[in-house]
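Just below is one structure, and these are the notes that go with it.
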Amino acid sequence: MTNAQDHPAAPSERGATGSRPQLPPVPPPSRGRPVYRRLWTAVVLTLLFATGIWFGRLVDFSEPAVARVTPTPLTTIVTVPGRAPSSCVSALDRGDAAIQLLVKGVRDQRLTGQLKSYLKAANACRKDMPSR
């Protein structure tokens, strides 16, 4: 039997359209092996499922996991803020007054004086506050 690839086709062997002769059909793959693979896959999956059930029964789920943990006493730390220094209260008041002048559109010496007194009180507040 000669292969069509070994020898070029002679012009007399070619059909009227110029195509090569058809190759013989390839036999279909045997169907015996996939059945065994499917059976083997089903057996493995069934064993895995059964093993999972067995491990699940091995673990005792009668007590919830929360009940097994011993509760620790809760400690709450409450810090009560102390009184603010008077310089900080003064800085807040002067800042509020400066903002009020800005909102009203006042742009004269009153705003300048209020901003200067705010900056002076804010610096004093920074000095009076304990460092963290």
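Key figures
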| item | result |
| --- | --- |
| Of residues in segment 76-112 being open to solvent by 90 Å² or more (accessible area, probe 1.4 Å) and part of a loop (DSSP other than H, G, I, E, B), the one nearest to residue 125 (Cα to Cα) | 83 |
| Selection status of residue 45, over 30 Å from residue 127 (Cβ atoms), open to solvent by 100 Å² or more (accessible area, probe 1.4 Å) and modelled with pLDDT of 90 or more | yes |
| Flag for residue 68 being basic (Lys, Arg) and at pLDDT 80 or above | no |
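The values are calculated or read from the model by the stated rules, or taken from the named source; none is laboratory data. Note that the structure is a prediction, hence the values are computed from the model and not measured. Reconstructed Cβ throughout: ideal geometry from the backbone, glycine too, with neighbour counts over all protein chains shown. For the accessible areas, the whole protein counts, side chains as well, though only heavy atoms, and no ligand, DNA or RNA atoms are used. Shrake-Rupley method; radii C 1.70, N 1.55, O 1.52, S 1.80 Å.
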